[in-house]
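Engineer: One structure, pasted below without further comment.
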Amino acid sequence: LIGVFLIGSATGLVRVFLREWNFLLERTARGFRRRRGMFTRTDVVMPIHRVQGIHIATRAIRYRFGWHSLRFVSLAQDAGASSHVVAPFAKLDEIEPIVAAAGFHLPGDDADWHHASQRYLVDDVVLDMIWIAIAGIVGWALVDAYTPEWSDAVIGITLMIAGLSAIVDGIAWQFRRHTLDATQIAARSGILSPRSQIATRLKLHSVEIAQGPIARLRGYATLHLGQAGGVFAIPGVPIDRAREVRRRVLETIAATDF
């Protein structure tokens, strides 16, 4: 397993090195022009008005050093499954001018952030506890049948995993939030590798409020924002807040007839 991990990590580093070799992003009269690649050289032009949204993501180790990646969301995609990455490794102060040039802005310190519903957090914790309990019971039954002396250890491990899961869910809830201003909507999530998603309200196509049986009973919903070329969903939004966001976004969408 260690060998597979090391080989996979090395292969990933080599692929990134070859793909991002001689990376260059330019602002031209037609929009953004991105060139990169050592063996396979790509030259992509992305018109600014076609950018539907932006994604800012990172990884656990990159995040410790302040590195993030920025990609645009549009109907057009690069060769393969990757999207329009315009900053593979950049600090937030380096990402900000690119975001501004694309017609977006990063949420400021005065942004009105809203967390997911606390009931959504409780239900998420309870659901995780159920799955952990089922796995623990199955594991205890198998161990007790063949090696009874380890059955108590299985119970202890199950309780430890349940406690850690509850703590992680509680911390993750603190980072799951969204904000809505006059021109755009943004959402953030993630603990060790946080990610942000921003969309212009005017370029959204629809707003859907989805509720399962538990969500209807508990008073929260998942907000699906119709975005061309991407998926934008905000789970666990209190139902009153979801309806308010839908109303305000639809007012912006309906105001312009393209």
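The values are calculated or read from the model by the stated rules, or taken from the named source; none is laboratory data. Because the structure is a prediction, the values reported are computed rather than measured. Ideal geometry is used to build each Cβ from the backbone, glycine not excepted, and the neighbour counts take in all protein chains shown. Remember, those area values only see protein heavy atoms, side chains included, never the ligands or the DNA or RNA. Shrake-Rupley method; radii C 1.70, N 1.55, O 1.52, S 1.80 Å.
Engineer: Scan Gly236, Gly230 and give me the residue that is within 14 Å of His114 (Cβ to Cβ) and within 16 Å of the chain's Cα centre (by Cα).
Structural biologist: Result of the check over Gly236, Gly230: Gly236.
Engineer: Scan the stretch 201-245 residue by residue and report those that are among the hydroxyl-bearing types (Ser, Thr, Tyr) and farther than 19 Å from Phe175 by Cβ.
Structural biologist: The one that is among the hydroxyl-bearing types (Ser, Thr, Tyr) and farther than 19 Å from Phe175 by Cβ: Ser206.
Engineer: Turning to a different aspect of this structure: Scan the stretch 160-180 and tell me whether some residue there is among the acidic types (Asp, Glu), touching a residue at least 12 places away in the same chain (Cβ under 8 Å) and either farther than 30 Å from Arg71 by Cα or open to solvent by less than 70 Å² (accessible area, probe 1.4 Å) (or both).
Structural biologist: Yes, the stretch 160-180 has at least one match.
Engineer: Restricting attention to the stretch 113-134, report how many residues are under 19 Å from the mean Cα position of the chain (by Cα) and surrounded by fewer than 16 Cβ atoms within 10 Å (Cβ to Cβ).
Structural biologist: 1
Engineer: Can you pull out the residues in the stretch 191-208 that are over 12 Å from Thr252 (Cα atoms) and modelled with pLDDT of 90 or more? Before you say what the answer is, go through the steps one by one.
Structural biologist: Applying the first criterion (over 12 Å from Thr252 (Cα atoms)) to the stretch 191-208 yields 191-199, 208.
Correct list: Pro194, Arg195, Ser196, Gln197, Ile198, Ala199, Glu208.
Engineer: Tell me, yes or no, whether the stretch 93-104 has at least one residue that is open to solvent by 40 Å² or more (accessible area, probe 1.4 Å), under 30 Å from Leu24 (Cβ atoms), touching a strand residue (DSSP E or B) at 6+ places or on another chain (Cβ under 8 Å) and assigned to a helix (DSSP H, G or I). Quick ask: steps written out before the conclusion?
Structural biologist: Step one: filter the stretch 93-104 for residues open to solvent by 40 Å² or more (accessible area, probe 1.4 Å), giving 93-94, 96-97, 100, 103.
Applying the additional criterion that residues be under 30 Å from Leu24 (Cβ atoms) yields 93-94, 96-97, 100, 103.
Restricting the remaining residues to those that are touching a strand residue (DSSP E or B) at 6+ places or on another chain (Cβ under 8 Å) gives 94, 103.
Checking the rest, the ones that are also assigned to a helix (DSSP H, G or I) come to 94.
Yes, that holds for at least one residue.
Engineer: Scanning the stretch 169-188 for residues that are touching a helix residue (DSSP H, G or I) at 6+ places or on another chain (Cβ under 9 Å) and part of a helix (DSSP H, G or I), which turns out farthest from Ala233 (Cα to Cα)?
Structural biologist: Gly170
Engineer: How about the stretch 231-254: which of its residues are without any contact (Cβ under 8 Å) to a residue 24 or more places away in the chain and open to solvent by less than 80 Å² (accessible area, probe 1.4 Å)?
Structural biologist: Across the stretch 231-254, the qualifying residues are Ala233, Glu244.
Engineer: Give me the pairs, please: first residue somewhere in the stretch 123-146 and farther than 16 Å from Ala166 by Cβ, second residue anywhere and among the hydrophobic types (A, V, I, L, M, F, W, C), beta-carbon distance under 7 Å, and either six or more positions apart or on two chains.
Structural biologist: Gly139/Val154; Trp140/Val154; Trp140/Ile155; Val143/Trp150; Val143/Val154
Engineer: Let me ask another. Would you check if Ala228 is surrounded by fewer than 16 Cβ atoms within 10 Å (Cβ to Cβ) and within 24 Å of Ile56 (Cα to Cα)?
Structural biologist: Spelling it out, Ala228 is indeed surrounded by fewer than 16 Cβ atoms within 10 Å (Cβ to Cβ) and within 24 Å of Ile56 (Cα to Cα).
Engineer: Also, I was wondering about something else. Mind counting the residues in the stretch 15-42 that are open to solvent by 80 Å² or more (accessible area, probe 1.4 Å) and either in a helix (DSSP H, G or I) or of a type in the set (A, V, I, L, M) (or both)? Show your work before the answer.
Structural biologist: First, pick out the residues of the stretch 15-42 that are open to solvent by 80 Å² or more (accessible area, probe 1.4 Å): 15, 17, 19, 21-22, 27, 29-30, 39-41.
Narrowing the set further to residues that are either in a helix (DSSP H, G or I) or of a type in the set (A, V, I, L, M) (or both) leaves 15, 17, 19, 29.
Total satisfying the criteria: 4.
Engineer: Among all residue pairs at least 6 apart or on different chains, which show Cβ distances below 7 Å where the first residue, located in the stretch 190-204, is on the phi > 0 side of the Ramachandran plot and the second is of a type outside the set (Asp, Glu)?
Structural biologist: Within 7 Å, the pairs are Gly190/Phe175.
Engineer: Quick one: in the stretch 64-81, which of the residues that are open to solvent by 40 Å² or more (accessible area, probe 1.4 Å), at pLDDT below 90 and touching a Ser or Thr at 6+ places or on another chain (Cβ under 9 Å) is nearest to Leu225 (Cα to Cα)?
Structural biologist: Gln77
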